[in-house]
Amino acid sequence: MTSVLNVDTIAAKNGTSPVTLTKQHAAKAWINFNDGSEADTVRDSFNVTTLTDRGTGLWTLTVTNNFVNIYYEGSGSAADAWPDEDARNRMILNGPNTTSEIYINVFDTSGNTENDPDYVGASNHGDLA
């Protein structure tokens, strides 16, 4: 027999909070921020307590809730504002450092040098501790 579940809202037991996804394959930490000539500006984030600028094209995220191990996966994107006469192809390396920190490295693929883009987004998937 096939079952159908139709709902408008799923809430936590208290009836008001959103449901926490802890064992599903949703992103467990993500961030969208701005760098470049301006100071670091976090536009939005989830499970991130601090963003530390470690130099040109290098940042460290500290997560609120640690990952269970260092084998979580990260991905991301980086770009300048469009149209931008200085637009470059960018690569972002977003990966585990420890269970509580994530390293982000953005570099220009044409010169293979780190740089600070206008937009940086990163997400990480894995089980939380």
Regarding PHE67, is this residue under 19 Å from HIS25 (Cβ atoms) and touching an Asp or Glu at 6+ places or on another chain (Cβ under 8 Å)?
yes
Counted residues, the stretch 61-94 - those being in contact with a Phe, Trp or Tyr (Cβ under 7 Å, 6 or more places away or on another chain) and either under 13 Å from LEU128 (Cα atoms) or at pLDDT 80 or above (or both)
2
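The values are calculated or read from the model by the stated rules, or taken from the named source; none is laboratory data. Note that the structure is a prediction, hence the values are computed from the model and not measured. FYI the Cβ positions are ideal-geometry reconstructions off the backbone, even for glycines, and counts take in every protein chain you see.
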